[in-house]
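The values are calculated or read from the model by the stated rules, or taken from the named source; none is laboratory data. A quick note: this is a predicted structure, and the numbers were derived from the prediction, not measured. Cβ placement follows ideal geometry from the backbone for every residue including glycine, while neighbour counts extend to all protein chains displayed. Just so you know, the surface numbers come from the protein's heavy atoms only, side chains and all, with ligands and any DNA or RNA stripped out. Shrake-Rupley method; radii C 1.70, N 1.55, O 1.52, S 1.80 Å.
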Amino acid sequence: VPTQSQHLKYAFFSIYNCEEGKPEIYQLLTLPFGATHSVYSFLRLARLIHSIAARGLYVLNTNFYDDFVLLSKPESCKSANLAMEVLFMLTGWEFARDGKKATLFETTCKALGVEFNLSRSEQRIVQIYNTEQRRLDLVSRISEVLLDGQLSKHETLVLKGRLGFADSFLHGRLGKILLKKLLEHAYSRQRTLDESTKHALLAMKTRLEAGHPVQISDQELLQWFIYTDAAYNMEEKTGGVGGVLVDQSGTCIQWFGFPLDEEMCKTFGCQTKQSIIYELELVAAVHALSYWGDHLAGNLTTWFGDNDSVRYALIRGTAIGPCGEVIMKFHLEKEASMHSCAWFARVPTEANIADFPSRLSEHPLLVPKADVSESARLCFQSLISTVDSNSGLHVVDGGDEERATPSSKKKRLIA
């Protein structure tokens, strides 16, 4: 932005020239880059261009500092492009007429370090990705760090900042949890990466390679309610899980309930712990959110459970104990891949309808035609395999003292 001619007499600054060994005086012909008022003045002018284009020329555009992104229907692309170019020329602004910044209208557009995909715009869906180059650079950097096995505080914070920006354009909460590991390493006063930090970086690398985008849609959202519960018999070391899917009209659409034998309960640590109700309540919630993922994708979902520890874990994205962490990791990965997002709320035990199928008991609202227990049991095996494949996970106690529901429920038997 040029300096006004009447202000040029004030636009001088002095700087020491190390090569000449003396101070030198320069005159500013433009507003100094980085000065607070320079940014303010530039943004005012950029906003003016945006307003003229939108209100005067009816060109759909966005403005962020010096970046202008135009949108148009296919038949109006040439007209919109020429109108914006003429506007820049008439107002005296220089702009890229050739090179990589002089782009043409396409269904995908790169701006501000991300890529906008409008190929599904007829369905009123826009997807936002990290650019391919950004993903490749970050994946390469993570590979270098894992190979070296060391990272200083400054390097860690720089990497965390870059990964944090990239993760904001990936669906799901897994990235934020992984980035906490990097922050812990940055202030741990050691350069060598521990195993948990290495696993976090490896998971972040996989997340970047998968690249599940942020998706924006104006489609009508449906409201779904999920109720889950679990029961455990400490004497017989058997349990059960149940889940109920309710639509926005209050109708039970589907429900499941099936028992867990002693062999299954061993996966969650029943041999080393007095009670595994925390793990069973958590796995019931995770299984229901995964099993009904097709219904929940892109819609409004509210999960209800009567275990506060499990609810807090689902909100935080971290669980108690190694077994709980494996289950939670499974949930966060499914959440990202299925584009689902839920609100987690508490329901009193007496009002939790999922308590009945978890004990294989009948209820008037749980009609037989909505029973999907057999199908849900088969899908549950994949979750069991995920937990069971991680050896030694059920040797750490953690969860009995976290039970927030009435103690009498621990004594219930499965019918």
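The conditions of being surrounded by fewer than 22 Cβ atoms within 10 Å (Cβ to Cβ), more than 30 Å from Tyr129 (Cβ to Cβ) and out of contact with any Leu (no Cβ under 6 Å at 6 or more places or on another chain) are met by Pro259. Can you name the residue in the range 192-208 that is within 18 Å of Gly161 (Cα to Cα) and charged (D, E, K, R) and is also surrounded by the fewest Cβ atoms within 10 Å (Cβ to Cβ) among such residues? Per the criteria, the residue is Lys198. Yes or no: the range 357-366 includes at least one residue that is under 14 Å from Tyr232 (Cα atoms), of a type in the set (A, V, I, L, M, F, W, C) and open to solvent by 50 Å² or more (accessible area, probe 1.4 Å). Yes, that holds for at least one residue.
Scanning the range 1-44 for residues that are charged (D, E, K, R) and part of a helix (DSSP H, G or I), we see that the one that is surrounded by the most Cβ atoms within 10 Å (Cβ to Cβ) is Arg44.
Inspection of the range 229-248 finds no residue satisfying the criterion of being at pLDDT below 90, in contact with a Leu (Cβ under 8 Å, 6 or more places away or on another chain), surrounded by 15 or more Cβ atoms within 10 Å (Cβ to Cβ) and outside any loop (DSSP other than H, G, I, E, B).
The listed residues are Ala370, Ala345, and the only one of them that is loosely packed, with under 13 Cβ neighbours inside 10 Å and at pLDDT 95 or above turns out to be Ala345.
The single condition from (1) touching a helix residue (DSSP H, G or I) at 6+ places or on another chain (Cβ under 7 Å); (2) open to solvent by 20 Å² or more (accessible area, probe 1.4 Å) that Leu163 fails is (2). Taken together, the residues in the range 45-66 that are open to solvent by 60 Å² or more (accessible area, probe 1.4 Å) and in contact with a strand residue (DSSP E or B) (Cβ under 9 Å, 6 or more places away or on another chain) amount to 4. Does Gln254 count as modelled with pLDDT of 95 or more, open to solvent by 30 Å² or more (accessible area, probe 1.4 Å) and part of a strand (DSSP E or B)? When the stated conditions are applied, Gln254 passes them. The single condition from (1) aliphatic (A, V, I, L, M); (2) in contact with a Pro (Cβ under 9 Å, 6 or more places away or on another chain); (3) open to solvent by 60 Å² or more (accessible area, probe 1.4 Å) that Leu112 fails is (2). The residues in the range 284-341 that are outside any loop (DSSP other than H, G, I, E, B), over 22 Å from Gly239 (Cα atoms) and open to solvent by less than 40 Å² (accessible area, probe 1.4 Å) can be counted, and the count is 7. Evaluated against (1) of a type outside the set (S, T, N, Q); (2) out of contact with any strand residue (DSSP E or B) (no Cβ under 6 Å at 6 or more places or on another chain); (3) surrounded by fewer than 24 Cβ atoms within 10 Å (Cβ to Cβ), Pro213 falls short on exactly one condition, (2). Based on this model, can you work out whether Leu222 counts as open to solvent by less than 10 Å² (accessible area, probe 1.4 Å) and either under 20 Å from Glu362 (Cβ atoms) or not charged (D, E, K, R) (or both)? Against the criterion (open to solvent by less than 10 Å² (accessible area, probe 1.4 Å) and either under 20 Å from Glu362 (Cβ atoms) or not charged (D, E, K, R) (or both)), Leu222 does not qualify.
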